[in-house]
1. Over the Cα atoms of chain B, what Rg and Dmax result, in angstrom?
2. For A:Asp93, what residues show an amide H to amide H distance below 5 Å, using hydrogens built from the backbone and excluding near sequence neighbours?
3. Under a straight-distance cross-link criterion of Cα-Cα below 17 Å, which lysines are reachable from B:Lys40, leaving out those fewer than 8 residues away in the same chain?
4. Pick out, in residue order, every one of the GluC sites (Glu not before Pro) in region A:1-102 that is DSSP loop and has at most 14 other C-beta atoms within 10 Å; say none if there are none.
5. Report, by chain and number, residues whose modeled amide H sits under 5 Å from the one on A:Glu54, excluding near sequence neighbours (fewer than 5 apart, same chain).
6. What is the local net charge at B:Asn17, summed over the other residues whose Cβ is closer than 14 Å to its Cβ (Lys, Arg +1; Asp, Glu -1)?
7. What list of ³J(HN,Hα) couplings, whole Hz, do you get for region B:54-64 from phi and the Karplus terms 6.51, -1.76, 1.60, once you set θ to phi - 60° and write x for glycine and proline?
8. Using the Karplus curve 6.51 cos²θ - 1.76 cosθ + 1.60 with θ = phi - 60°, work out ³J(HN,Hα) for each residue of region A:67-79 in order, rounded to whole Hz, and write x for Gly and Pro.
Amino acid sequence: TQLLEQSPQFLSIQEGENLTVYCNSSSVFSSLQWYRQEPGEGPVLLVTVVTGGEVKKLKRLTFQFGDARKDSSLHITAAQPGDTGLYLCAGPDSGTYKYIFGTGTRLKVLA
Amino acid sequence: ETGVTQTPRHLVMGMTNKKSLKCEQHLGHNAMYWYKQSAKKPLELMFVYNFKEQTENNSVPSRFSPECPNSSHLFLHLHTLQPEDSALYLCASSDYYNEQFFGPGTRLTVL
């Protein structure tokens with residue numbers, strides 16, 4: 001069974017700080033997605049990474065897919081209170097329609 | 001309307017009630033999903049439908065009954081629920097093995 005472990009589980013930082021969230025697996029994924037979820041709402045897709053070593057940027061967010069496609073990272077530069085939320089990585093379970101979701105990182109950015 | 005919609009957004013029901021959750025996707029996807037998200041817990045996959053056919057039932061109690069009349073609509077019929085079934089119920093859709101798109105969720109409270 002494919003698993004995705006995220007670290008850290010919780011992160012509380014001051015506005016303006018930088019942070020990195022990690023998503024790791026012992027299995028190869030054909031792609032990985034990152035979502036952000038706010039309380040009481042559904043997860044919103046931020047990005048999909050497909051190619052090993054790929055780097056994608058979304059404003060102050062930088063996403064990287066590991067060369068071996070077993071891990072990914074999310075780096076936020078100059079965090080803002082609006083970045084607060086639950087960050088989830090996810091990837092397709094090979095050969096099925098199921099998705100594997102990471103354990104989640106709960107981020108709080110203090111003003 | 002675009003994306004994935006869910007109704008109602010909030011639902012309070014007694015243990016003897018029968019109610020239904022509705023999900024509609026406007027993305028032309030072929031697969032639809034029901035997830036349960038309890039407070040501070042990871043997403044739990046409940047059901048997967050591919051082209052109206054159920055491909056996954058993740059050992060969900062029979063008091064939850066899904067229905068998928070076509071590729072765009074998904075229902076979750078609820079009856080004789082328990083207080084521990086209170087949670088955020090999320091619907092998602094995807095195209096083959098690509099990323100999932102989520103609806104805003106239904107916050108269910110069982111009294």
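1. Rg then Dmax for chain B, in Å: 13.1, 39.
2. A:Lys98, A:Tyr99, A:Ile100
3. Partners found: A:Lys108.
4. Counting only loop positions with at most 14 other Cβ atoms within 10 Å, the GluC sites (Glu not before Pro) in region A:1-102 are A:Glu15, A:Glu17.
5. A:Phe65
6. Around B:Asn17, the charge tally is +2.
7. 6, 10, 8, 10, 7, 6, 8, x, 5, 5, 9
8. 3J(HN,Hα) across region A:67-79, in whole Hz: 4, 8, 6, 10, 8, 8, 9, 10, 10, 10, 9, 6, 4.
The values are calculated or read from the model by the stated rules, or taken from the named source; none is laboratory data. Keep in mind that what you see is a predicted model, and the values were worked out from it rather than measured. A quick note on method: Cβ atoms are made from the backbone with ideal geometry, for glycine too, and the neighbour counts reach across all protein chains shown. We work out accessible area using only protein heavy atoms, side chains counted, and drop any ligands, DNA or RNA first. Shrake-Rupley method; radii C 1.70, N 1.55, O 1.52, S 1.80 Å.
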